[in-house]
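For reference, the structure discussed in these notes is given below.
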Amino acid sequence: MKRKLAFLGIETSCDETAASIVTQENNELPKVLSNVVSSQMEEHGKFGGVVPELAARAHVEKIDFIINKALKDSGLVLKDLDGIASTAGPGLIVCLNVGLNVGKSIAAFSKKPLFAINHLEGHALSPGLENKINFPYLLLLISGGHSQYLIVKGLGKYKQLGTTIDDALGEAFDKTGKMLGLDYPGGEKVEKIAKKGDKNFFKLPKPIINKAGCNLSFAGLKTAVLRETKKINSEKMKYNLAASFQNTINIILRKKTLIAMDLFRKNLSLNKKYPFVVAGGVAANKSIRESMSSICKDKNFTPIFPSLKFCGDNAAMIAWAGIQRFKKNKKNDYSFSAKSRWPLDKSAPYMKGPGLKLD
Ligand code: KG4
Ligand code: ZN
């Protein structure tokens, strides 16, 4: 029997208010019927970062409109849906509560099951929106709040191989952007001006590059960028610093990805080609994509990068995670509370804070 599933996804974990309708017929590739994302860049730009209370207020103001637009664009109505998927963490609690509560209300009103989705699971499964991809695969998740290497073994089954011990990579890009006088969020703008600079001009540190497996650290690099900005006296020097920063990131990611690839293969076939997925907002960066693709050739992995619209925060990835959870009967009840911290691999050690010792 043919079975077509239709889901509404809702995402409000940070500064994007998003809703999307995704369908899947049997086991075919899903179809994204609508994908509405409203960014709050203007609201937060003047503060140089996300202000939680402002973000929550903007979500409240926009969410009804965004959900209605997603439904209208898709050509479906509420009664066509099989479930509602809302991001429930990790993220800013005041923001998460907006999308989660709206999701609960719609689910209760329309008598549909509710799925409380881990935002990181959304990113982790996002390649499946456009690719037939088999488990297990290696994932590098790089966003504004997270930077981690994970083995994605199946739905809900994640093994963390490494993570950042301080700043997330997107955060490092954003802070570098701010130091270079670029508007928030700076990632894309740093990439743009880096094209005009000399990537070997500044010698910047590569924290923990030769230790701690595939764990990452960017705080020392950020401090070094701050030091170098004091010496900048021309636009050209600014471009050189952006290019040197991005080049240093690429050197770090190359080294750490090679380690992660070896760890991934430890209990798997040496000859088989596995997917290597780079997801999250920073995965939009072309120089990172090129550098990661070249490693894949040498290490027998197939590189997979979600389209730009599915790299940054979006609700299609949340609806898609909901569809997969629906198929495994993993619905949630209305008492589910939003979580600010929600690691995909609960057994992974917490790597932040003072007193951290790395071998
Ligand atoms: O996944 P995302 O939209 O939100 C979080 O879950 O955090 O990621 C946003 C991050 C921001 O830090 C932004 O500056 C960064 O992704 N980003 C980029 C690029 N495009 C977005 N970083 C580097 N290069 C880019 N082209
Ligand atoms: Zn995200």
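The values are calculated or read from the model by the stated rules, or taken from the named source; none is laboratory data. Keep in mind it's a predicted model, so treat the numbers as computed, not measured. Positions of Cβ are backbone-derived with ideal geometry, glycine not excepted, and every protein chain shown enters the neighbour counts. Remember, those area values only see protein heavy atoms, side chains included, never the ligands or the DNA or RNA. Shrake-Rupley method; radii C 1.70, N 1.55, O 1.52, S 1.80 Å.
Worth pointing out:
- Modelled label reach - residue 223, point 7 Å along Cα→Cβ, the stretch 139-172 residues with backbone N closer than 13 Å: 166-167
- Cross-link pairs beyond the 31 Å C-alpha cut-off, checked among 4/153; 69/112; 255/352; 132/159; 4/286: 4/286
- Cα-based helix-to-principal-axis angle, 286-299 vs the chain, degrees rounded to 10: 90
- Theoretical FRET efficiency, 1/(1+(r/R0)^6), r = Cβ-Cβ of residue 346 and residue 80, R0 56 Å, to 0.05: 0.95
- The charge dipole of the chain, taken about its Cα centre with unit charges on the Cβ of Lys, Arg, Asp and Glu (plus for the first two, minus for the last two), comes to roughly 1120 debye.
- Element breakdown for the stretch 136-305 at a 1.4 angstrom probe: carbon and sulfur atoms account for 53% of the accessible area.
- Relative contact order of the chain, defined on C-alpha pairs under 8 angstrom at six or more residues apart (%): 23
- As a length-normalised measure over Cα pairs under 8 Å and 6 or more apart, the relative contact order of the stretch 2-121 settles at 30 percent.
- Cα-projected label distance for residue 31 with residue 234, points at 7 Å along beta-carbon direction, nm: 5.7
- Using alpha-carbon coordinates, inclination of helix 93-110 to the longest axis of the chain, degrees: 20
- Centre-to-centre, using Cα atoms only, the stretch 229-268 and the stretch 288-342 are separated by 23 Å.
- Three-way shape call for the stretch 295-359 based on the alpha-carbon gyration tensor, with the a/c threshold at 1.5: oblate
- Projecting the Cα atoms of 164, 257, 218 onto the charge dipole of the stretch 136-305 (Cβ charges, centred on the Cα centre) puts 257 farthest toward the positive pole.
- Percentage relative contact order, the stretch 136-305, counting C-alpha pairs under 8 Å, at least six apart: 26
- FRET efficiency for residue 54 and residue 307, using Cβ-Cβ distance with R0 set to 35 Å, rounded to 0.05: 0.75
- Centroid-to-centroid separation of the stretch 79-114 and the stretch 116-137 [C-alpha atoms, Å]: 19
- A 1.4 Å probe, protein heavy atoms only, puts the accessible area of residue 237 near 40 Å².
- Relative to the longest principal axis of the Cα atoms of the chain, the long axis of helix 316-327 makes an angle of roughly 50 degrees.
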